[in-house]
Each structure stands twice: as structure tokens, then as C-alpha cells.
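Peer 1: Structure incoming, see below.
Nothing in this text is a laboratory measurement; each read-out follows from the coordinates by a stated rule. Remember, it's a predicted structure, so these values are computed and weren't measured experimentally. In this analysis, Cβ positions are derived from the backbone assuming ideal geometry, glycine residues included, and neighbour counts consider all displayed protein chains.
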Amino acid sequence: MARVSQAHLDARRRQILDGAARCFARNGFHGTSMQDVLQEVGLSAGAVYRYFSGKDDLIAAIAGEAVGGVRQAFEEAARVSPPPTPDVLIGRVTRTLFDGDRELDRRAYAGLIVQVWSETLRSERLAATLSEAYGGLKVAWAELVEVYRETGVLSADVPSDHVARTLIATAQGFIAQLAMFGDATPEMLEDGLRGLMSMDLQPVS
């Protein structure tokens, strides 16, 4: 019997995940059955269950990829010295996250991420996965904030953790707007942040 290559196994796993993502984006996690996934990918139950034990396993895998995509997008955007200003950084993160070669369009992918967030309210497994990922992301962003502080562009009395949380929340808000309304763009986000950063905070006499 011929041995199946790792490349073939990886491609088959990718095929299943992409098909499941299309189903979830179209019908939601709870509106999608495993039979729907089987029909979407055109594989037998045995072929799919070789890779995933069920729908929850598929959801967890897709959630892990979505969170990993955010982390990777941030790392790529911040991998310059000196680091980009927040408007440029967030713009790069959102472009990297949504302009890649994906099965789903921007809005559908954003909607899938929002579904993942909501699913953490039901699934302890998923909540733990995202909590760990968020903790790592927050630490990484806080380290970047420290660089802002060291270069003198950020006030010393602002806790790094608070700034990191705000930057993450900005990216999350963009994803939510894109999912719900479909008209959010990285350019809008950059312009808005640039406008806020240009405010003159000196007291008016």
C-alpha cells in the first residue's frame, strides 16, 4: 500500500477546514451540521473524521487559525525599527489579516471571527484557547508600547497594558464593523487614528 505523503495529508486537512469555514460563514456554527460539511467538501465521513472528531473540533481549529492570523499580522507589521505609529501599525495589521489569499471575502472572514468570539460564551475549550492567545497578544503589544515609551513618543504615566488593550480593542472594533456593515476599510481606520493622534490636548485658555 502506497504511503500517503505529509503534503497530501496537509492538503486534505486544508480542504476540510476551508469547506467548513464556508459552511460556518454561510449558515453559522449552530446552523451547520457535519453532514453539511461532508457535502461541501465532497468527502466521506471516514475521511473527514480522520482529521477532526466533530464539529466542535472543526470550530476549535478554525478559531485557532483566526487568532493565529491576528498574532502573525501584528508580528509582521511591527517587525520594523523604529516601530510604526499606531495608525500605520493597525492599518498594516488589518491589511495583512484581510488581504491575504483566503477562501472567504473580507466581510465573510470578519463574520467568522465574530462567530468565534461569541462561541467562547458557550465553549469552555474555546474560551481557554482564546484567553491564552489574547494574553500572549497583549504581552506582545505591551512590549511594543514600551518601545514607544523608550523613544519618547508616549507619556510615561500611561500603563503599557492599558495602551495595548486599547490597540487590540481598535482592531477588534474594526473586525466587528466589517462583519456587520461591510464598509469598513483599513484606510478609514488609519485616517481616524491619525486624526485622533493629531489632537491638541493643551488646555484651552
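Peer 1: Could you give the angle, 0 to 90 degrees to the nearest 10, between helix 106-119's Cα long axis and the longest principal axis of the Cα atoms of the chain?
Peer 2: 80
Peer 1: Using only Cα atoms and rounding to the nearest 10 degrees, what angle (0 to 90) does helix 55-78 make with the longest principal axis of the chain?
Peer 2: Once rounded, the angle reads 30 degrees.
Peer 1: With unit charges on the beta carbon (Lys/Arg positive, Asp/Glu negative), name the residue among Gly136, Val48, Ser81 whose Cα is farthest towards the positive pole of the charge dipole of the range 1-146.
Peer 2: Toward the positive end, the furthest listed residue is Val48.
Peer 1: Using θ = phi - 60° and the Karplus relation 6.51 cos²θ - 1.76 cosθ + 1.60, list the HN-Hα couplings for the range 155-160 in order, rounded to whole Hz, with x at every Gly or Pro.
Peer 2: Those phi angles translate into 4, 6, 8, 9, x, 4 Hz.
Peer 1: Right, something else. Could you tell me which of rounded, prolate or oblate describes the range 1-85, using a ≥ b ≥ c as the square roots of the eigenvalues of the alpha-carbon gyration tensor, with rounded for a/c under 1.5 and, failing that, prolate when a/b is larger than b/c and oblate otherwise?
Peer 2: oblate
Peer 1: Here's a follow-up. List, in order, the whole-Hz ³J(HN,Hα) value for each residue of the range 183-200 obtained from phi through the Karplus relation with A = 6.51, B = -1.76, C = 1.60 and θ = phi - 60°; use x for Gly and Pro.
Peer 2: Values per residue, Gly and Pro as x: 10, 7, 10, x, 5, 4, 5, 4, 4, x, 5, 4, x, 5, 5, 8, 5, 8 Hz.
Peer 1: Given that just one value was derived from the coordinates, which of (i) 19.9, 84; (ii) 18.7, 59; (iii) 20.9, 71 is Rg and Dmax of the Cα atoms in Å?
Peer 2: (i)
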